[in-house]
Each structure stands twice: as structure tokens, then as C-alpha cells.
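Written below as C-alpha cells is the structure these notes are about.
Quick note: the coordinates plus some simple rules give every number you see, no bench work behind them. Computed from a predicted structure; not experimentally measured. Neighbour counts run over all protein chains shown; Cβ positions are idealised from the backbone, glycine included.
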Amino acid sequence: MPSVIEQINAKYRKSAVVDVRSGDTVRVHQKIKEGNKERVQIFQGLVIRTDMKGGHMSRITVRRISSGIGVEKSFLLNSPLVMQVEVTKRSKVRRNYLSYMRSRTGKAARLQGLDFDKRAVNDVHDVAAEAEEAKLKEQVAAEAAVKAEEAAKEQAALDAKAEAVKAAHEENAA
């Protein structure tokens, strides 16, 4: 019988997560909330660290060079804010933590690539997340329909008012 902690951990764990390793070049699709808007931001870079791979707190650290400055971000793979992780390139490395990549630039930062099946690695379907995403899209579409209906009512009222003003103007002119 699983303990209470294991039950809680299992509740928050995603049913399927991409197998990410150190040395992979990945594209992480992350939800960003700005005010009342939500958008998806893509962060592409090299995985320099993987932590607690099997658990619900599994985390990757991704590094990229942006405008000549190294930027590192850590992502919890089971977080609801991480929409998708795509492995674009797999490299041959012999360590889990590639801290030496921080000091390397240019050709010295190259890693030897490996052949792998991109489709098999990246083909992960989380049914619950897909259902939630579809529900959010339906909700946004419903809100847009309500706003369009309100705008149409407003426009009809303005058109009726314009017609009344035009009729009154023609009546006064005659």
C-alpha cells in the first residue's frame, strides 16, 4: 500500500513525459501568463542537467546563448506550465551534469551528435493535458462568441440611432 506522500506525488505527476537526457537539444513550450492573457513561449537550448528523473519533481536545466549572454532556465517536467518538451538533437556525453559547457563558446562548445528516432522520443500523449487544453480553447471560443454578440448588439443599436438621426435630418430639410 503506497504511503500518503506517494499518493499525493502520483496525483500531480503527468502520465507521460518525454525521455530527456543531458546533452539533448530541446525546445520547451512553456505557458506564460501576462496580466489576464496566456501565451506559449518556446525556450530552445542544451540540457546541461537532469535531476530526479523518475519522480514527480523531475527537473531539467536548459542553457542557451542569447545575444552573447548565457541564459539558463530550470523546468519541472511535471509542471502544468510546461506544455511540451521536444528533443531536436541528441548528443554523446559521458556525464549527467555538463557544467563545463558554461565556459565553452564557439566550436569548443560542439557536441558529437547521435542518430535517434525523433518521432518515437517526442511522441508522448498526455490525454488529461490535451483534454484540458481543448476545454480552455472551447472556453476562449465561447467568450469570443459572447463578445461578438455584444458587439453586434451595440452596432445594431448604433445603426438604428444613425437611421433615426438621418430620418430626422431629412424630415427637417424637407
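Partners of Lys14 within straight-line reach, counting lysines whose Cα lies under 22 Å from its Cα and excluding those fewer than 8 residues away in the same chain: Lys31, Lys33, Lys53, Lys73, Lys118, Lys135, Lys137.
Please go through the range 76-157 and write out the GluC sites (Glu not before Pro) that DSSP classes as loop and that have at most 14 other C-beta atoms within 10 Å. List each step's numbers first, then the result.
Numbers: sites: Glu86, Glu130, Glu132, Glu133, Glu138, Glu143, Glu149, Glu150, Glu154; in loops: none.
Within the range 76-157, no GluC sites (Glu not before Pro) qualify (loop, at most 14 other Cβ atoms within 10 Å).
Rounded to the nearest 20 debye, the dipole size of the range 4-124 about its Cα centre is 420 debye, using +1 on the Cβ of Lys and Arg and -1 on the Cβ of Asp and Glu.
Three principal axis extents of the chain based on alpha-carbon atoms, in descending order, are 92, 53, 29 Å.
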